[in-house]
Amino acid sequence: MAQKIIKNGTIVTASDTFQADILIENEQISMICQDLSFDGAESVDATGCYVFPGGIDPHTHLEMPFGGTVSKDDFETGTIAAAFGGTTSVIDFCITRKGESLRNPIREWHAKSKDKAVIDYGFHLMIGEINEDVLNELPLILEEEGITSFKVFMAYKNVFQADDGTLFQTLKTAKELGALVMVHAENGDVIDHLVKDALEAGNTDPIYHALTRPPEAEGEATGRATLLTGLAKSQLYVVHVSCDESAQKIKEAREKGYDVWGETCPQYLVLDQTYMEKPNFEGAKYVWSPPLREKWNQDKLWNALKNGYLQTIGSDQCSFDFKGQKDLGKGDFTKIPNGGPMIEDRFSILFSEGVKKGRITLNQFVDITSTRIAKLFGLYPKKGTISVGADADIVIFDPTVERTISVDTHHMAVDYNAFEGMEITGEPITVLSRGAFVIKDKQFVGSLGAGNYLKRAHYGKMLTNGSDKVTV
Ligand code: URP
Ligand code: ZN
Ligand code: ZN
Ligand code: ZN
């Protein structure tokens, strides 16, 4: 690959903002300095633009079997849309099945991603049960696959839900092996009870999805998970925090000194529960778990990001068409497949609503969308920053473009956009993955299968510069 120079841009990292040029050689950043020139190098002009490290989306469900169907965006459409949105790495959830070797779903996830992904990708591993077979398999999976994060569902009773014993054992095992435990924190048993009550009373509209999954059920589960983490002296990452009740539990745990982290998602920052009351079943477009909340929670979540007791933003991309998939739940909200299309707009919404509106700083934006995620999930400093030796995963971002989010212009495969009509400022213009253009002047120029599988370092460790070797 020929050398490239990104010229005249403003480089932004989690700590600094400065004017400099970047030389890219052999997929990596090899030099950062002012007024760079290099014979034969291709020049990429970034005048007037920010030059960000590529976004890392730590929470996607691409082509995931769920709710009697399969999420629509796969590793092809999903990663192309991600790249358009400024994301250069995703970490997807590998869903396991009880009573079966963990290797089978891992093999399936490799098969569906390998020839499709246009950007780099890794997997988290769902833990649904802990037994001798699982305990025997896990150490090798960490070493051979570089899967260093486990996911436990505290909700979706009779589908994915694990009990507290499983969560506690997973926390202890993760501590021993050097992995980070992720939880979907909602009290699945209480929700199951409330859902039965609602259906018995004939309450079947989409809004009952929210009313049967109240914030107390999320706050309680978050509090329980953090206390069990303290008891196990382990490490926890709470995914998709939707409400103040849950954010407060994370804050409390961190103040006690527990190793607890929290992620929120763009949908909880800008949409609210009233969207689920839309007529003609349109509320189903906004059915995901945890549900959208009352609007006042949004300020609480922004403050949590600003003050650092929530640290990251994931998309929770899990898209279903309105026609043909969401309508499986017409007449029974429990049958609406849970999830939404968010992978493309995560980065730009956080910039526009966060940085442009003065809620977070430019450097916090980079930390929340990329750097902190790379550090937590064993990708740093190969990913997540702009430094010599890092992968040249770079977003050239015009902070002045004004545009309207719409299904008519998005690149996801689904037939609606949850942020339809939202006016935002800022747009990724050119996106590079390991030095190769994926998006050039807003056009897709990448290739299917160009994305590499990411073996990640153990929790709290770093990847050595320039190789997949884990430094432990
Ligand atoms: O509704 C959602 N969030 N669907 C994806 C699965 C999950 O719980 O993250
Ligand atoms: Zn190791
Ligand atoms: Zn979840
Ligand atoms: Zn999810």
How about region 169-207: which of its residues are more than 16 Å from ligand 4 (Cβ to nearest atom), under 27 Å from Arg456 (Cβ atoms) and buried (at least 19 other Cβ atoms within 10 Å of the Cβ)? Gln169, Thr170, Leu171, Thr173, Ala174, Ala179
Give all pairs with beta carbons closer than 7 Å in which a residue from region 179-191 that is in a strand (DSSP E or B) meets a residue that is within 10 Å of ligand 1 (Cβ to nearest atom) and of a type in the set (Phe, Trp, Tyr); count only pairs at least 6 apart in sequence or on separate chains. His184/Phe153
Regarding Phe150, is this residue away from ligand 4 (no atom under 16 Å from the Cβ) and aromatic (Phe, Trp, Tyr)? no
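Would you please name the residue that is farthest from Thr371 (Cα to Cα), looking only at residues in region 3-29 that are of a type in the set (Ser, Thr, Tyr) and surrounded by 16 or more Cβ atoms within 10 Å (Cβ to Cβ)? Even if it seems obvious, please write down each step before you answer.
Start the filter on region 3-29 by keeping residues that are of a type in the set (Ser, Thr, Tyr), which leaves 10, 13, 15, 17.
Okay, now just the ones that are also surrounded by 16 or more Cβ atoms within 10 Å (Cβ to Cβ), so 10, 13.
Values: Thr10: 17, Thr13: 8 Å.
Ranking the candidates gives Thr10 first.
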When (1) more than 16 Å from ligand 3 (Cβ to nearest atom); (2) part of a helix (DSSP H, G or I); (3) hydroxyl-bearing (Ser, Thr, Tyr); (4) farther than 23 Å from Lys72 by Cα are applied to Tyr275, the one that fails is (4)
Based on this model, can you work out whether Ile373 counts as within 16 Å of Ser89 (Cβ to Cβ), within 16 Å of ligand 4 (Cβ to nearest atom), touching a strand residue (DSSP E or B) at 6+ places or on another chain (Cβ under 9 Å) and not hydroxyl-bearing (Ser, Thr, Tyr)? yes
Checking Val159 against (1) within 16 Å of ligand 3 (Cβ to nearest atom); (2) over 30 Å from Leu379 (Cβ atoms); (3) among the hydrophobic types (A, V, I, L, M, F, W, C): exactly one of these is not met. Which one? (2)
Which of the residues spanning region 237-279 are under 18 Å from Phe377 (Cα atoms), in contact with a strand residue (DSSP E or B) (Cβ under 6 Å, 6 or more places away or on another chain), more than 16 Å from ligand 1 (Cβ to nearest atom) and not charged (D, E, K, R)? Val260, Trp261
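Does Leu271 satisfy being within 25 Å of Gly329 (Cβ to Cβ), surrounded by fewer than 21 Cβ atoms within 10 Å (Cβ to Cβ) and away from ligand 2 (no atom under 16 Å from the Cβ)? Show your work before the answer.
Working: within 25 Å of Gly329 (Cβ to Cβ): yes; surrounded by fewer than 21 Cβ atoms within 10 Å (Cβ to Cβ): yes; away from ligand 2 (no atom under 16 Å from the Cβ): yes.
It is true that Leu271 is within 25 Å of Gly329 (Cβ to Cβ), surrounded by fewer than 21 Cβ atoms within 10 Å (Cβ to Cβ) and away from ligand 2 (no atom under 16 Å from the Cβ).
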What residue, of Val438, Val445, Val407, is away from ligand 2 (no atom under 16 Å from the Cβ), of a type in the set (A, V, I, L, M) and under 20 Å from the mean Cα position of the chain (by Cα)? Val438
Only one residue in Phe160, Phe168 is more than 16 Å from ligand 2 (Cβ to nearest atom), touching a residue at least 60 places away in the same chain (Cβ under 8 Å) and over 22 Å from Met64 (Cα atoms), so which one is that? Phe168
Filtered residues of region 285-302 (kept if under 18 Å from Gly421 (Cβ atoms) and either in contact with a Pro (Cβ under 6 Å, 6 or more places away or on another chain) or within 16 Å of ligand 4 (Cβ to nearest atom) (or both)): Tyr286, Leu292
Of the residues that make up region 133-151, is at least one crowded, with 22+ Cβ neighbours inside 10 Å, within 16 Å of ligand 1 (Cβ to nearest atom) and of a type in the set (D, E, K, R)? yes
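Looking at this structure, is Ala83 farther than 25 Å from Pro399 by Cα and more than 16 Å from ligand 2 (Cβ to nearest atom)? If you could, list the steps in order and put the result at the bottom.
On the way: farther than 25 Å from Pro399 by Cα: no; more than 16 Å from ligand 2 (Cβ to nearest atom): yes.
No, not satisfied.
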Output the residue which, of all residues in region 208-238 that are of a type in the set (A, V, I, L, M) and surrounded by fewer than 23 Cβ atoms within 10 Å (Cβ to Cβ), is farthest from Thr148 (Cα to Cα). Leu211
Any chance Gly257 is in contact (Cβ under 8 Å) with a residue 12 or more places away in the chain and either under 17 Å from the mean Cα position of the chain (by Cα) or assigned to a loop (DSSP other than H, G, I, E, B) (or both): no
Might you let me know whether region 303-320 holds any residue that is over 19 Å from Arg346 (Cβ atoms), basic (Lys, Arg), surrounded by fewer than 23 Cβ atoms within 10 Å (Cβ to Cβ) and more than 16 Å from ligand 2 (Cβ to nearest atom)? no
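Just so you know, all these numbers are worked out from the coordinates, no wet-lab data involved. These numbers come from a predicted model, not from an experiment. A quick note on method: Cβ atoms are made from the backbone with ideal geometry, for glycine too, and the neighbour counts reach across all protein chains shown.
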